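Asks: Have a look at this one.
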Amino acid sequence: MTARQEQFSLAFVRMVAAAAGCSIKWHETDYDGVDITIASSTEYSTYYCPEFELQLKCTTQHDRLRDTHFSWKMDRDPFLKLTHGKRYNEAFLGVLVIPRDDEPLLSQSEEHLLTASRMYWEHARLLGDIGDGASSKTVHLPRTNLFDVQSLKSIIQRVGEEGAW
């Protein structure tokens, strides 16, 4: 991921999180297979201040879009870290699809700030298993799992109410 893509994907998540009333906790390193933690200061039936971890990717590869999902190839080690069964916090994969290099990332005026970007997500437990000896796995992120304010609020609520995935 280029530095521009990395910064844009972090800004995208920060903007959605802020609009949903959540905050971002930054990780100094990527040793555990996640980039950021998204947290809420809300009290739910089971937990106060629920949070979850997010592995964030960014791409201009629109050819990975299918009718029902977005395909993403993950290397073995990051996949195993993200999907580790003993992970303490809930973990998700998010892939931001941005405009191609020859298209602008943003359209901005006094009235609006727009981007043709969109992020698809999936809970790590639903990404499946990786075969013995396989060096990578292609995962499918449902196109219905669009990372927006409403879906983020739903994820946080489900984590706060100890919902099963």
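Asks: For residues in the range 37-93 being farther than 19 Å from residue 137 by Cβ and of a type in the set (A, V, I, L, M), which is nearest to the chain's Cα centre (by Cα)?
Replies: 38
Asks: Residue by residue through the range 97-120, note down the ones that are free of Cβ contacts under 8 Å to residues at least 60 places away in the same chain and either in a strand (DSSP E or B) or open to solvent by less than 60 Å² (accessible area, probe 1.4 Å) (or both). Before you say what the answer is, go through the steps one by one.
Replies: Let us first name the residues in the range 97-120 that are free of Cβ contacts under 8 Å to residues at least 60 places away in the same chain, namely 97, 99-104, 106-114, 116, 118, 120.
Of everything in the range 97-120, those that are free of Cβ contacts under 8 Å to residues at least 60 places away in the same chain and either in a strand (DSSP E or B) or open to solvent by less than 60 Å² (accessible area, probe 1.4 Å) (or both) turn out to be 97, 99, 107, 108, 109, 113, 114, 118, 120.
Asks: Output yes when any residue across the range 58-65 is touching a residue at least 60 places away in the same chain (Cβ under 8 Å) and not β-branched (Val, Ile, Thr), and no when none is.
Replies: So the first thing to find is which residues in the range 58-65 are touching a residue at least 60 places away in the same chain (Cβ under 8 Å), and the list is 65.
Subsequent filtering for residues that are not β-branched (Val, Ile, Thr) retains 65.
Checked against the condition, which is being touching a residue at least 60 places away in the same chain (Cβ under 8 Å) and not β-branched (Val, Ile, Thr), the range 58-65 yields at least one hit.
Asks: Still on this structure, I have one more. Please verify whether the range 20-33 includes one or more residues that are under 15 Å from residue 119 (Cα atoms) and either loosely packed, with under 15 Cβ neighbours inside 10 Å or of a type outside the set (A, V, I, L, M) (or both). Don't jump to the end; show me each part of the working.
Replies: We begin by selecting, within the range 20-33, every residue under 15 Å from residue 119 (Cα atoms); these are none.
Within the range 20-33, none of the residues are under 15 Å from residue 119 (Cα atoms) and either loosely packed, with under 15 Cβ neighbours inside 10 Å or of a type outside the set (A, V, I, L, M) (or both).
Asks: Here's another thing I want to ask about it. Could you list, in sequence order, the residues of the range 66-96 that are charged (D, E, K, R) and either within 28 Å of residue 40 (Cα to Cα) or open to solvent by 100 Å² or more (accessible area, probe 1.4 Å) (or both)? Let's see the steps before the verdict.
Replies: Keep residues of the range 66-96 that are charged (D, E, K, R), which gives 66-67, 73, 75-77, 81, 86-87, 90.
Within the range 66-96, 66, 67, 73, 77, 81, 86, 87, 90 meet the criteria.
Asks: Look through 47, 88 and report the one residue that is free of Cβ contacts under 8 Å to residues at least 40 places away in the same chain and among the aromatic types (Phe, Trp, Tyr). Step through it out loud before you land on a result.
Replies: Working: 47 fails: free of Cβ contacts under 8 Å to residues at least 40 places away in the same chain.
Of 47, 88, the one residue that is free of Cβ contacts under 8 Å to residues at least 40 places away in the same chain and among the aromatic types (Phe, Trp, Tyr) is 88.
The values are calculated or read from the model by the stated rules, or taken from the named source; none is laboratory data. This is a predicted model, so every value here is computed, not measured. We place every Cβ from the backbone using ideal geometry, glycine too, and count neighbours over all the protein chains shown. Accessible surface areas use protein heavy atoms only, side chains included; no ligands, DNA or RNA. Shrake-Rupley method; radii C 1.70, N 1.55, O 1.52, S 1.80 Å.
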